[in-house]
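Report on the structure given below.
Readers should treat all values here as calculations from the given coordinates under stated rules, not as data from a laboratory. These figures come from a predicted structure and were not determined experimentally. Every residue, glycine among them, receives a Cβ derived from its backbone with ideal geometry; neighbour counts consider all protein chains shown.
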C-alpha cells in the first residue's frame, strides 16, 4: 500500500494514499482497535448535512474567511457524504473519545481533502498532494464549531431523520395491516383470555383493535419525543459560551438545516444544557422502548394464537416461511414472531445503555456520546427492519381459524359470566363447576341445578350480547 504524509498539531502521520482522511483519523484508527462496531452511518450522513449548513452560514456571516469558492467546494464534498459516496472513508470505531472528537475530525478531514480535489478539478484521493490546499479541516470545515457542539447536533439530526424517514413509515404500514385485519374479522367471536386462562368472549376484531391501539399510541409518543430532538447544540462550541462563533451562527445553521432536510430544527437557547445533557435522547428512546414492549406483546399473542397446529390454541394460521426443524419433518415455527421479540429484548436492553450514558454529563460536556448514539440508532434501525419483516412475512398473512375459535368458545366455561345478573355470582360458579366436573354444557348444568328453564337460558345466553 502506498502512503502520503498528513500533518496535525502533533506532527506528521502516514495515511493510505487512496483515503481522504487525514492525520487525526489515522491516529484514532491506530489508537482504538476496539470491537467491530463502527460509527453509525446515520451520524456520518448527519455530519454531511451539518458541515454543509455550517459552511453556508459562515459564507453569510464571515465571507472573508469562508469565500464563495471554499463554500462551494465544501458543499459539494458534503453532498457526497450525504449520498454515501464517501462511506469507505469513515472507518472509526464507536469506542473512541467520548466526545466524538475523532469522528468530527474524520468528517472535517474527508470533506477538506475531497473539497480540495474537487476545486482543483481532480479525480480521487490519490490526487490530494497535487491539489491546492484551499480548505483546511479545522480552519474552514470546522469553522465556528467544536466537536462538543457538532457531535450532539449530529446526534439529534440523525435521531430525527431516521425516526421520521424510516421508523414511522414502517410503523404506519404495520398499523394499516392491522386495520385491514380488524375490518375482515368483525363477525368473528372467540374466547377471551386473561392470566392465560379462559375468559369472557371477545370479537377477534376487538383483539386486533387492542394491538392497533397500542401501536397508534406509540406513534404519538414517538412523535412527541422527536420534537425534543429538533433543538440543536450548534453554536455552543467548546463549553456552551459560543467562543469563536459569530453572532447568530446557531440560528442561521438551524435554519439552513431545516431547508436541507425538510425537517424543522431550531437552535437550543441554553447551550450549557445542550452540551452536557442528553435527556432528549433518553426521553425519545423511552418511546422506542415502549414501542418495543408493545411489539413483543403483540408478537407473543400471535405466537400463542397460532400455536399447534393440533395441540395448541390453533385459533389463527400464519405464513409458513421456512422449515422449522432439522430433525422433525414438516415442523413450521413462528420465526417472524421470534425475530421481532428478540429485537424488542435488544431495544429494551439498549435503553439501559442510553440512560447510563446520558448520566455522564460531567461539568460542561457529556463524554459517553458515541455509545449513546450507537445504541439509540441501533434501536431505530432494528425496530424499523423488524416491523417491515414482520408485517410483510407474517402479519399480512394472518388468517382466523373460525371453526376452531367457535369450538373453543362453545367449550369455554367463562361464558357463564353472562348469567351473573340472572342467577347471581355464586350460583353461576356452581353451574361452571358442575359443567367442568361432569363434562356438561353450561346449559345442561344450569338446567340440572334448576336455576333457569331452557327458554330462560336461551334468552339471556347470547354470544353477540356478550361482546
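What is the list of residues in segment 52-93 whose amide nitrogen lies under 20 Å from a point 7 angstrom out from the Cα of residue 18, following Cα to Cβ?
Under 20 Å, as judged by backbone N against the label point of residue 18, lie 81, 84-92 of segment 52-93.
Could you please rank 21, 211, placing first whichever residue has the fewest other Cβ atoms within 10 Å of its Cβ? Mind dumping the intermediate values first?
Numbers: 21 27, 211 22.
Arranged by neighbour count, lowest to highest, 21, 211 become 211, 21.
Rank these for me by crowding, 49, 451, 3, going from fewest to most other beta carbons within 10 Å. Don't jump to the answer; show the numbers that get you there.
Details: 49 23, 451 18, 3 13.
Fewest-to-most ranking of 49, 451, 3: 3, 451, 49.
Would you mind checking the tilt of helix 425-437 against the longest principal axis of the Cα atoms of the chain, expressed as 0 to 90 degrees and rounded to 10?
Tilt of helix 425-437: around 80 degrees.
Need the full-extension length gain, residue 422 to residue 359, defined as separation in residues times 0.36 nm minus the C-alpha distance. One decimal, nm. Write out the running numbers ahead of the final one.
Details: separation 63, 0.36 × 63 = 22.68 nm, distance 5.90 nm.
So the extension gain works out to 16.8 nm.
Where does helix 41-61 land angle-wise versus the long Cα axis of the chain, in degrees 0 to 90, nearest 10?
Taking the Cα atoms of the chain, the angle to 41-61 is about 50 degrees.
Note the per residue figure in Å³ for the convex hull of the C-alpha positions in segment 68-225.
Values: hull volume 29.3 nm³, N = 158.
It comes to 185 Å³ per residue, whole-number rounded.
What is the spin-label model distance, in nm, from residue 467 to residue 60 if the labels are put 7 Å beyond Cα along the C-beta direction?
5.9
Compute the acute angle (0 to 90°) between the alpha-carbon long axis of helix 68-83 and the principal axis of greatest extent of the alpha-carbon atoms of the chain; round to the nearest 10°.
30
Between residue 402 and residue 327, what FRET efficiency comes out of the Förster formula 1/(1 + (r/R0)^6) with R0 = 35 Å and r the beta carbon distance, rounded to 0.05? Intermediate values should be presented prior to the final figure.
Values: r = 33 Å, r/R0 = 0.95.
About 0.60, to the nearest 0.05.
Given only helices, namely DSSP H runs of n ≥ 4 each adding -39500 (n - 2.57), what is the per-residue ellipticity at 222 nm of the chain, to the nearest 500 deg cm²/dmol?
On the way: 18 runs with 264 residues, N = 467.
When only DSSP H runs of four or more count, the value is -18500 deg cm²/dmol.
How much length would be gained if the chain were fully extended between residue 199 and residue 176, taking 0.36 nm per residue of separation minus their Cα-Cα distance, in nm to one decimal? Provide the component values of the computation, followed by the final result.
Working: separation 23, 0.36 × 23 = 8.28 nm, distance 2.83 nm.
So the extension gain works out to 5.5 nm.
May I ask you to derive the FRET efficiency for residue 279 and residue 138 from their Cβ-Cβ distance with R0 = 30 Å, giving the value to the nearest 0.05? Intermediate values should be presented prior to the final figure.
On the way: r = 30 Å, r/R0 = 1.01.
My answer for the efficiency is 0.50.
Using label points projected 7 Å from each Cα along Cα→Cβ, tell me how many nm separate residue 2 and residue 345, to one decimal.
Roughly 5.1 nm, to one decimal.
Would you work out if segment 413-466 is rounded, prolate or oblate? Take a ≥ b ≥ c from the square roots of the eigenvalues of the alpha-carbon gyration tensor; rounded if a/c is under 1.5, else prolate when a/b is larger than b/c, oblate otherwise. Please report the intermediate quantities before stating the final value.
Details: a/c = 1.41, a/b = 1.33, b/c = 1.07.
It comes out rounded by the Cα gyration axes.
Which FRET efficiency, nearest 0.05, do residue 186 and residue 127 yield, Cβ-Cβ r, R0 51 Å? Please list the in-between numbers first.
Values: r = 67 Å, r/R0 = 1.31.
The value I calculate is 0.15.
I need 431, 371 ordered by Cβ neighbour count within 10 Å, fewest first.
Least crowded to most crowded, the residues run 371, 431.
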